[in-house]
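I have placed the structure first, in the form of structure tokens, so that the comments after it can refer back to it.
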Amino acid sequence: MKRVVMKFGGTSVGNGEHIRHVASLISNHLNKDYQMVVVISALKRVTDKLIEASKEAKSGNRDHVHKLLQKTTKKHVAAARNAIKNKQIRDEVEQTLKTILDELEKVLTGIIYLGELTPKSKDYVLSFGERMSTLIVWGALRDLGLNVQYFTGKDAGIVTDSNFGEARPLIKVTLHEVKQKVEPLLEKGIIPVVTGYIAANQDGEITTLGRGGSDYTATIIAAALEADEVWIWTDVDGLMTSDPKIVPSTKVISELSFQEAIELAIFGAKAMHPKALEPAMEKEVPVRIRNTFNPQSLGTLIVKEQKIKAKDVVKGTTIIKNLALINISGAGMVGTPGTAAKVFDMLGKNNINVLMISQSASEANISFILHRDGLERAVSTLEIALLGSGLIREVTAEDDVCVVAVVGAGMKGTPGVAARLFGAIARKGLNVRMIAQGSSELNISFVVKETDGEKAVRAIHEEFKL
Ligand code: ADP
Ligand code: ASP
Ligand code: MG
């Protein structure tokens, strides 16, 4: 008996027809002696629409909110009707959907009246996407005669801190609670169907695990149940050597280590939530990324053991856009301990997240990368705090850069990778603004103009024959 947690992303549950297909995929595995837990994301694009609705409600745009609600209702009712054939089950699901949508309308009306959207109320609004999609999948599975039970993340035992919007599971309690609540069902042959992305804090208030967080729900549950594997079902054949939208010839990476996958995910390979790999890595539960629409393909397997093969020193390359570069210079920084600490302390206190840092050995300048929308705030913060101090002479900024990251465990201890990499970039005439290599040697990241980013990714693809 194999225990598998399967997560279906929004791309897998776009409409009723796809939900039926997902239900039959699940059902097919029943014959193969599997114990299964199913985790479901909101229908495609629904979370984006809920974010939009909450913002419009805050601004008091009643009509816009009303239109969004109508569309959401239509989408979910249509999905339920197409996904579920049995009239009794379909009526029951539709009735519950109506109740949920009434509640959503009340919440949004409340926000309109208050003119206020707190992180807590926003998470509450966002929870509706998964509550509705999971209900429909639950109905579709019952329709196929499967023995299923619906759970919200909270009912399944996922307890988080109160960092609404990006909540972290309180892992000890969660592992214990999930095991208590979910495992007995598996033993009885029941399939738990759980809402992805949403959980609750210790006061029982709804939290969300950050965008793409259903992956995280799946690995948390898998860790708690000591599952044999986690399957992340999506709309591509697996984790690719780069975003298929940039490099059409991109290939599926058949196997990689948790460390490599985490690096790729942090640097923007969207197919996997970076934090989601932690619980799986901790409990050594292999994660497989598979294509819902091409289930024959084996997908990508993420495992603990790194298979270093000389021929694939580089596993993949990713790009993060919408970034800015700040450069601080001044002879006053040379040999003055604590300058860097002061700079990053100021930024931290102002909630500005720094993605990449480099300092030249002369110590006369520090460069770093941040998200573009924080640029103005960062520059004025630094100017106010530091310019008068004599420590620095100048703060300059560029608002049109991106980071390209190159990942692969095989780069460790393989001489000449950096030379090949930057040789390939130089031959395309691209100017590198900044370079950083983590001490793990798993990742080399560099900064180029945003308009050069995709060219750089393609150059790397050619050079390393990805
Ligand atoms: P889901 O709804 O299944 O969670 P996501 O949109 O979160 O799907 O992630 C899947 C998408 O990630 C793919 O459709 C693909 O376009 C995009 N993507 C970006 N980079 C990569 C990559 N390196 N490998 C695979 N997919 C990638
Ligand atoms: N529905 C959520 C999102 O769009 C979570 C997920 O899809 O994993 O971010
Ligand atoms: Mg996702």
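The values are calculated or read from the model by the stated rules, or taken from the named source; none is laboratory data. Every value quoted in this text rests on a predicted model; they were computed, and no experiment measured them. No Cβ is skipped: glycine too gets one built from the backbone with ideal geometry, and neighbour counts run over all protein chains shown. For accessibility, only protein heavy atoms count, side chains too; no ligands or nucleic acids. Shrake-Rupley method; radii C 1.70, N 1.55, O 1.52, S 1.80 Å.
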I262 passes all but one of the listed conditions (1) closer than 20 Å to K7 by Cα; (2) away from ligand 3 (no atom under 16 Å from the Cβ); (3) in contact with a helix residue (DSSP H, G or I) (Cβ under 7 Å, 6 or more places away or on another chain); the exception is number (2)
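When the residues of the range 358-379 are filtered to those that are assigned to a strand (DSSP E or B) and under 23 Å from the mean Cα position of the chain (by Cα), which remaining residue is surrounded by the fewest Cβ atoms within 10 Å (Cβ to Cβ)?
So, considering only residues that are assigned to a strand (DSSP E or B) and under 23 Å from the mean Cα position of the chain (by Cα), the one surrounded by the fewest Cβ atoms within 10 Å (Cβ to Cβ) is H371.
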For this session: Assess whether L97 counts as being open to solvent by less than 10 Å² (accessible area, probe 1.4 Å) and either under 20 Å from V194 (Cβ atoms) or in contact with a helix residue (DSSP H, G or I) (Cβ under 6 Å, 6 or more places away or on another chain) (or both).
Result: yes
Considering the range 185-219, residues that are away from ligand 1 (no atom under 16 Å from the Cβ) and part of a helix (DSSP H, G or I), and then whichever is farthest from the chain's Cα centre (by Cα), we arrive at E187
Scanning the range 223-259 for residues that are at pLDDT 95 or above and within 16 Å of ligand 3 (Cβ to nearest atom) gives V230, W231, I232, W233, T234
Evaluate the following for L117: is it within 14 Å of E56 (Cα to Cα) and outside any helix (DSSP H, G or I)? yes
Only one of V65, V38 is open to solvent by less than 40 Å² (accessible area, probe 1.4 Å), under 30 Å from Y113 (Cα atoms) and more than 15 Å from ligand 3 (Cβ to nearest atom), namely V65
F344: out of contact with any Ser or Thr (no Cβ under 6 Å at 6 or more places or on another chain) and open to solvent by 10 Å² or more (accessible area, probe 1.4 Å), yes or no?
yes
Quick one: is V13 at pLDDT 95 or above, in a loop (DSSP other than H, G, I, E, B), open to solvent by less than 70 Å² (accessible area, probe 1.4 Å) and within 16 Å of ligand 1 (Cβ to nearest atom)?
yes
Over the range 259-285, the set of residues open to solvent by 10 Å² or more (accessible area, probe 1.4 Å), more than 15 Å from ligand 2 (Cβ to nearest atom) and hydrophobic (A, V, I, L, M, F, W, C) is I262, I266, F267, M281
When the range 262-286 is checked residue by residue, the ones that are hydrophobic (A, V, I, L, M, F, W, C) and more than 10 Å from ligand 1 (Cβ to nearest atom) are I262, I266, A276, L277, A280, M281, V285
Counting only residues in the range 195-220 that are more than 16 Å from ligand 3 (Cβ to nearest atom) and β-branched (V, I, T), the one surrounded by the most Cβ atoms within 10 Å (Cβ to Cβ) is identified as T207
Scanning the range 119-135 for residues that are open to solvent by less than 30 Å² (accessible area, probe 1.4 Å) and closer than 14 Å to V46 by Cα gives D123, V125, L126, S127, F128, G129, E130, M132, S133, T134
Log entry, pairs with first residue in the range 171-190 being farther than 11 Å from I220 by Cα and modelled with pLDDT under 95, second being of a type in the set (A, V, I, L, M) and surrounded by fewer than 17 Cβ atoms within 10 Å (Cβ to Cβ), beta carbons closer than 8 Å, six or more apart or on different chains, reads none
Expected single match for part of a strand (DSSP E or B) and open to solvent by 50 Å² or more (accessible area, probe 1.4 Å) among Q149, Q180 is Q149
Taking the range 235-251 and keeping only residues that are more than 8 Å from ligand 1 (Cβ to nearest atom), of a type outside the set (A, V, I, L, M) and touching a strand residue (DSSP E or B) at 6+ places or on another chain (Cβ under 9 Å), one is left with D237, K251
Next on the checklist: Just to be sure before I move on: is V236 crowded, with 22+ Cβ neighbours inside 10 Å, within 16 Å of ligand 2 (Cβ to nearest atom), assigned to a loop (DSSP other than H, G, I, E, B) and hydrophobic (A, V, I, L, M, F, W, C) in the structure I sent?
Outcome noted: yes
Here the qualifying pairs (Cβ atoms under 6 Å; residues six or more apart or on different chains; first in the range 205-227 and touching a residue at least 12 places away in the same chain (Cβ under 8 Å); second within 12 Å of ligand 1 (Cβ to nearest atom) and among the hydroxyl-bearing types (S, T, Y)) come out as T208/Y197; L209/Y197; L209/Y216; G213/Y197; S214/S41; S214/Y197
Exactly one of T339, T318, T300 is at pLDDT below 90, open to solvent by less than 40 Å² (accessible area, probe 1.4 Å) and of a type in the set (S, T, Y), and that residue is T339
